[in-house]
């Protein structure tokens, strides 16, 4: 909210406009025919402040927080012009109704809930805040003299601390629901960032819009210097231990209890009555997510676009097979898809990362994964020198015959074969077979038909209930030898929507259909989940969470 336009900036601009226009208009009282006789200064200042806030909100993109702030400002200013007192509940209710009339789908945005809930809780909490009446004057100073400085300063500090406490603790349920993380250092970071941005960066940036050259450039340069210094300080805080705390998204019951606890903490009651609210928040901290039972496993085929990334979970271990593509420096599937997905599943420790081969659509997110989970061991066919760029602490070369067992689930590498130099990067893909108590999976990377036939000739292709379609379904993969030997019940294509390569190829789709293999596609059905407890069933994310305007979602029974 400091770095993006929010209610804080809009309210600040409105207040500055109100004060400036009111002062300037009152100066016309010295003229022979004062303009204030035609339009009172408070009335003109209020309208100009409202117009300035509206223009700022539109320039900022007209998001839900901006809409809510502008509408509440309008209620307050217009009611005061009519000599009426504006209660915050009336302002909130009118703003809520207006936002939903303007955009009914706003209820599907995290910003809608965070904005209205945060402001509502802060108003509720603020109702019980009263200025201190105790004397804080030092020896030799009259209490009345100290009242104006010390007591106001002490009250301001307490009020700011209380606001941070409410914003951090009371919004914890929604923060975990939407982002599966909480910034534990946010009160400390805000204590530094809010004064710098609110009192310096934002006013300088607005001043740069209003002043002509070269004054605008000077103000923007000064704002940039302050912002860069603040960014350096915040980046240092971000690497401190426990800077962020991650947990799985809460279930409906846990969320309801936590929201009740947050409201209890914010209500204007005594501490003895509010303390039980902390107990209602405790289930949030002990929500590890739902893991498979010992001997079982589940696979998540992430929707990473044109790339591969599969999360394999057992009772107490997690493996990531490939890390998806990289679109630009710092923009990759690791940051944008895989880390949020791991957080939502409650995965705090990643045991192993398999990067099948050195193509950017398979290794693009590896650096981001290593930065967040340096404890993970890397298993890859990529040479050590090239793999060092990812930043994993431990690396092992992927070769057929390697195997391990986690919680009763067997993992076995079946390719590349030792002593057989691969023809290209695709042929060197690390192929992994995972077998649990109720079913098995074969993760194939980008192996082509020649490599598939080599594995078939070596009698290295195992049966699997679910198959990760090789090379995104290209026509150079998914040979008859592979399909007739593995005999999967279901197959998953990880490909981008309307990708330039035409994956999956129509001939490959026909090959699977001719054998009665259900073919699932992340480009059409989103992220996919498979569990060994139901080896015939694949769950699509879009089918599990459909929009009301979407067509009837497919099930595993009528899958393509």
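No lab work stands behind these numbers, since they all come straight from the coordinates. It should be emphasised that the depicted structure is a prediction, and the values quoted were computed from it without experimental measurement. Heads up, the Cβs are rebuilt from the backbone with ideal geometry, glycines too, and the neighbour counts pull from every protein chain shown.
Brief remarks follow.
- The relative contact order of the chain comes to 8 percent, based on Cα pairs under 8 Å that sit 6 or more residues apart.
- The chain - share of DSSP beta bridges that are antiparallel (%, nearest 5): 60 percent
- A simple spin-label model places pseudo-atoms 7 Å from Cα toward Cβ; at residue 507 and residue 267 they are separated by 7.0 nm.
- Rounded tilt (10° steps) of 252-266 against the dominant C-alpha axis of the chain: 20 degrees
- Ellipsoid fit via the Cα gyration tensor, segment 485-546: semi-axes of 19, 18, 8 Å, each the root of five times an eigenvalue, largest first.
- Counting only alpha carbon atoms, the long axis of helix 88-102 and the longest principal axis of the chain meet at about 50°.
- At q = 0.09 Å⁻¹, base-10 log of I(q)/I(0) for segment 298-541 (Debye sum, equal scatterers on each alpha carbon): -0.32
- Inter-part distance, segment 516-546 to segment 294-339, computed on C-alpha centroids, equals 15 Å.
- Only helices enter the 222 nm calculation for the chain: every DSSP H run of n ≥ 4 contributes -39,500 (n - 2.57), and dividing by all residues gives -13000 deg cm²/dmol, rounded to 500.
- DSSP bridge pairs, segment 298-541: antiparallel proportion in percent, nearest 5: 60 percent
- Folded to 0 to 90 degrees: helix 186-196 orientation relative to the chain principal axis, Cα: 50 degrees
- In angstrom, the C-alpha Rg and Dmax of the chain are 29.8, 104.
- Taking every C-alpha pair closer than 8 Å and separated by at least 6 residues, the mean separation divided by the residue count of segment 298-541 gives a relative contact order of 17 percent.
- Peptides 508-517, 367-376, 426-435, 472-481 ranked from most to least packed give 426-435, 472-481, 367-376, 508-517, packing being the mean of other C-beta atoms within 10 angstrom over each peptide's residues.
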